[in-house]
1. Per residue, how many Å² of accessible area does the chain show with a 1.4 Å probe?
2. Let me see the P(r) profile for the range 136-184: every Cα-Cα distance counted, bins of 10 Å, each bin given as a percent of all pairs.
3. Quick check: the distance between the Cα centres of the range 38-63 and the range 140-184, to the nearest angstrom?
4. Ignoring ligands, DNA and RNA, what percent of the 1.4 Å accessible area of the chain is carbon and sulfur?
5. Could you give the length gained on full extension between LYS156 and PHE92, defined as 0.36 nm per residue of separation minus the Cα-Cα distance, in nm?
6. Per DSSP H run of at least 4 residues, take -39500 (n - 2.57); add these up for the chain, divide by its residues and hand me the 222 nm value, nearest 500 deg cm²/dmol.
7. Set the Förster distance to 45 Å, then compute FRET efficiency between ASP105 and ASP25 from the Cβ-Cβ distance, nearest 0.05.
8. Just list whichever of LYS52/LYS132; LYS75/LYS156; LYS115/LYS157; LYS88/LYS146; LYS115/LYS156; LYS88/LYS156 have alpha carbons separated by over 28 Å in the model shown.
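The values are calculated or read from the model by the stated rules, or taken from the named source; none is laboratory data. What you see is a predicted model; the values in this text were computed from it and never measured. Neighbour counts are summed over all protein chains in view; Cβ atoms, including those assigned to glycine, are modelled from backbone coordinates with ideal geometry. Note: accessible area is taken over every heavy atom of the protein model, side chains too, but ligands, DNA and RNA are not part of it. Shrake-Rupley method; radii C 1.70, N 1.55, O 1.52, S 1.80 Å.
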Amino acid sequence: MIYPIVMYGDAVLRKRAADIKVGTDLTELVRDMYETMHAAHGIGLAAPQIGKSIRLFVVDGTTLDDEPTLTDFKKVFVNAVMLDEEGKEWDFEEGCLSIPNVREDVWRHEKIRIKYYDENWNLHEEEFDGMKARIIQHEYDHIEGKLFIDYLTSLKKRMIKGKLTNISKGIVDTDYRILAPLKR
Ligand code: NI
């Protein structure tokens with residue numbers, strides 16, 4: 001099932017998401033999350049973006065032809081806990097399915113260490129760097145109620161304010177189904 005993607009302005013994107021009970025069958029939800037993400041041509045999707053305030057996100061970079069480091073990067077992160085972020089900060093232009101047509105440079109640490117369950121409730125503690133780390137940091141922020149635009153300068157925030165207002169009203173062009181909080 002393909003869910004509509006929740007747009008900027010919805011309170012669910014600002015909540016710290018809750019842990020999922022260990023052992024819960026996630027088969028269908030994970031399948032739906034991948035299906036929803038692929039339909040929107042995303043490389044990451046967090047449960048709050050489909051209106052569910054739970055600590056689950058999926059990533060899939062295997063379809064990006066121009067990023068050879070991501071060919072094996074398809075994973076499910078459940079109840080993730082960020083243990084460490086370190087290394088030089090680097091900037092890269094990010095976007096978000098919940099904030100369509102807005103792309104801005106974001107600075108993030110180069111390396112992370114994260115603890116998480118996979119979809120079969122196996123516990124992992126793993127290090128990631130570069131683009132993988134960045135994608136995980138972006139999605140992890142979602143389950144903490146944080147968005148990439150939070151990192152922008154106040155000037156940049158002012159510059160995109162009108163766009164954000166329109167997005168929350170559903171006045172935005174996307175090729176996927178959206179759910180806008182202020183749409184009348
Ligand atoms: Ni996002």
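1. Counting only protein heavy atoms, the per-residue value for the chain is 52 Å².
2. Per 10 Å bin, starting at zero, the Cα-Cα P(r) for the range 136-184 comes out as 23, 40, 37, 1 percent.
3. 16
4. For the chain, the apolar C and S fraction of the accessible surface comes to 49 percent.
5. So the extension gain works out to 21.5 nm.
6. The per-residue figure over the chain is -7500 deg cm²/dmol.
7. According to the calculation, E is roughly 0.70.
8. Beyond 28 Å: LYS75/LYS156; LYS115/LYS157; LYS115/LYS156.
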